[in-house]
1. Given Cβ point charges of +1 (Lys, Arg) and -1 (Asp, Glu) and nothing else, what value in debye, to the nearest 20, does the dipole of the chain about its Cα centre take?
2. Going by accessible area, probe 1.4 Å, with all protein chains left in place, what is the ranking of Asp110, Asp62, Asp90, largest first?
3. For Thr78, Thr121, what's the largest-to-smallest order of accessible area, 1.4 Å probe?
4. Using Cα springs under 10 Å in a Gaussian network model of the chain, which residue among Arg104, Arg19, Arg67 shows the largest mean-square fluctuation?
5. Where nothing but the Cβ of Lys and Arg (+1) and of Asp and Glu (-1) is charged, how large is the charge dipole of region 23-67 around its Cα centre, in debye to the nearest 20?
6. In terms of modelled amide H atoms, which long-range or inter-chain residues lie less than 5 Å from the amide H of Val2?
7. Where the Cα atoms of region 67-122 are projected onto their three principal axes, how long is each span, largest first, in whole Å?
Amino acid sequence: QVQLVESGGGLVQAGGSLRLSCAASGRTFSVYAMGWFRQAPGKEREFVAAITWSTAMTYYADSVKGRFTISRDNAKNTVYVQMISLKPEDTAVYYCAASSILSRRRNDYDYWGQGTQVTVTS
């Protein structure tokens, strides 16, 4: 099992920034990539960004390219997403997830955190 704990969510004005963190523990050696997803009220959970532990190869959703940056700290088993120029449409619960492959597909992720709320006001 892999445990994931997100932190860093909050309330921010449009144009502001936030950094989310996701700390992984447990059988982390089985994890190849980490991803961030988000789910707004009444919408499906959608892909945001992903990164591999070993080479830091990254994927981004088109909606966040140029505004969000995913990174990882292998020594701390922690993944981050730095979010700038936030928009009201970025409001959602943000989830961290772990996978054995680098993927944009929700179903490829085996472990999930509990989520952290990000609210962007206009």
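1. Numbers: 13 positive and 9 negative charges, 20 e Å.
Dipole size: approximately 100 debye.
2. Values: Asp110 95, Asp62 125, Asp90 0 Å².
Per-residue accessible area, sorted high to low, gives Asp62, Asp110, Asp90.
3. Working: Thr78 15, Thr121 50 Å².
So the residues, ranked largest to smallest area, are Thr121, Thr78.
4. Sorting by GNM fluctuation, first place goes to Arg67.
5. Numbers: 6 positive and 3 negative charges, 19 e Å.
Here region 23-67 has a charge dipole of around 80 debye.
6. Here Arg27 satisfy the definition.
7. 38, 26, 19
The values are calculated or read from the model by the stated rules, or taken from the named source; none is laboratory data. Predicted model, so just to flag it, every value in this text is computed and none were measured. Glycine also receives a Cβ, built like all others from the backbone with ideal geometry; neighbour counts cover every protein chain displayed. All accessible areas refer to the heavy atoms of the entire protein, side chains included, with ligands and DNA or RNA removed. Shrake-Rupley method; radii C 1.70, N 1.55, O 1.52, S 1.80 Å.
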